[in-house]
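The values are calculated or read from the model by the stated rules, or taken from the named source; none is laboratory data. These numbers were taken from a predicted model, which means no experiment stands behind them. So basically every Cβ, Gly included, is an ideal-geometry build from the backbone, and we count neighbours across all protein chains shown. Accessible surface is based on the protein model in full, side chains and every heavy atom, while ligands, DNA and RNA are left aside. Shrake-Rupley method; radii C 1.70, N 1.55, O 1.52, S 1.80 Å.
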Amino acid sequence: MMTTTNQKMEGKRGEENHSKNSTLSSSKVEKMQGILDEDSTGGWDKCWEQGLTPWDLDQPTPVLLQLLDKETLPKGRVLVPGCGAGHDVIAIANPERYVVGLELSENAIKRAIEVSSSSPNAKYFEFIETDFFTWRPTELFDLIFDYTFFCAIEPRMRASWGKRIHELLKPDGELITLMFPTDDRDGGPPYKVSVADYEEVLHPWGFKATSITDNELAVGRRRVCDIF
Ligand SMILES: C[S@@+](CC[C@H](N)C(=O)[O-])C[C@H]1O[C@@H](n2cnc3c(N)ncnc32)[C@H](O)[C@@H]1O
């Protein structure tokens, strides 16, 4: 099963420091892209080490909070690949959902541990430093939540992403992926994504979309505006 939420690029703008913030985040994005251009794997850890993390909202993804509020998320074992500082992992975890946050970057994991150090729900999640493409868990997942991971990996890796999603989910499991960015840009990360890009790599594994919706919620609140 595949549920996708398409986050549109428009948001409420017009605040005075929007363009200042935008310029700051744009230079961070350029530096981040330069590092990842040189080293597409090890570069992630360098970005975390240097604080070049323009994607990090420093809070759970608003659309995710909405889904949690509506009590529509499947229960059971949940995987958040490329979980960064772990805000979404912590938000999802509760007695009904055990969450595994996967991260390639040692510094991201350090940050996630710091962020979650006083979480009252700590026994319902864990962070694992590993590569999503090679990690072999002992148990499969009921839900995979992908936010800014699909768009972060190089497009040539997308077919492998689809295969791994298939391998990691239980046969009746659900994938929720927030599509971003959907504009027409060159290069990345974040690399542009479309419904067709997801279908191309998920349909061969028998995934069927159960819901594809536009959601205005997250974008207007993105601190880094329209870039990541
Ligand atoms: C754009 S960030 C998104 C982080 C988080 N999902 C968020 O929204 O704040 C992508 C994350 O994926 C991690 N990552 C990249 N390749 C990975 C891989 N092969 N396995 C696990 N994590 C990976 C990076 O270290 C980075 O923290």
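Some notes on this structure:
- Placed amide H near Glu174: partners under 5 Å, 5+ positions off or other chain: Leu143, Ile144
- Among the GluC sites (Glu not before Pro) within the range 138-199, those in coil by DSSP and having at most 12 neighbouring Cβ atoms inside 10 Å are Glu139.
- Leu104 - accessible surface, heavy atoms, 1.4 Å probe, Å² rounded to 10: 70 Å²
- As a length-normalised measure over Cα pairs under 8 Å and 6 or more apart, the relative contact order of the range 55-221 settles at 20 percent.
- Across the range 184-193, computed HN-Hα scalar couplings (Karplus, 6.51 cos²θ - 1.76 cosθ + 1.60, θ = phi - 60°) run 9, 10, 9, x, x, x, x, 7, 5, 10 Hz from first to last residue, x flagging Gly and Pro.
- When the GluC sites (Glu not before Pro) in the range 83-113 are filtered for DSSP coil states and for at most 15 other beta-carbon atoms within 10 Å of their beta-carbon, the remaining sites are Glu96.
- Using the Cβ of Gly82 as centre and a radius below 11 Å, the other residues enclosed give a net charge of -4, where K and R count +1 and D and E count -1.
- Near the amide H of Phe125, within less than 5 Å, lie the amide hydrogens of Val99, all on another chain or at least 5 residues away, with H placed in the peptide plane.
- Largest first, the extents of the alpha carbon coordinates of the range 77-228 on the three principal axes equal 41, 37, 27 Å.
- Heavy-atom SASA rank of Tyr198, Tyr191 (probe 1.4 Å, accessible area, largest first): Tyr191, Tyr198
- With all protein chains in place and ligands, DNA and RNA left out, the 1.4 Å accessible area ranks Trp55, Trp205 as Trp205, Trp55, largest first.
- Close amide H partners of Leu169, meaning residues 5 or more places away or on another chain with modelled amide H under 5 Å apart, are Phe141.
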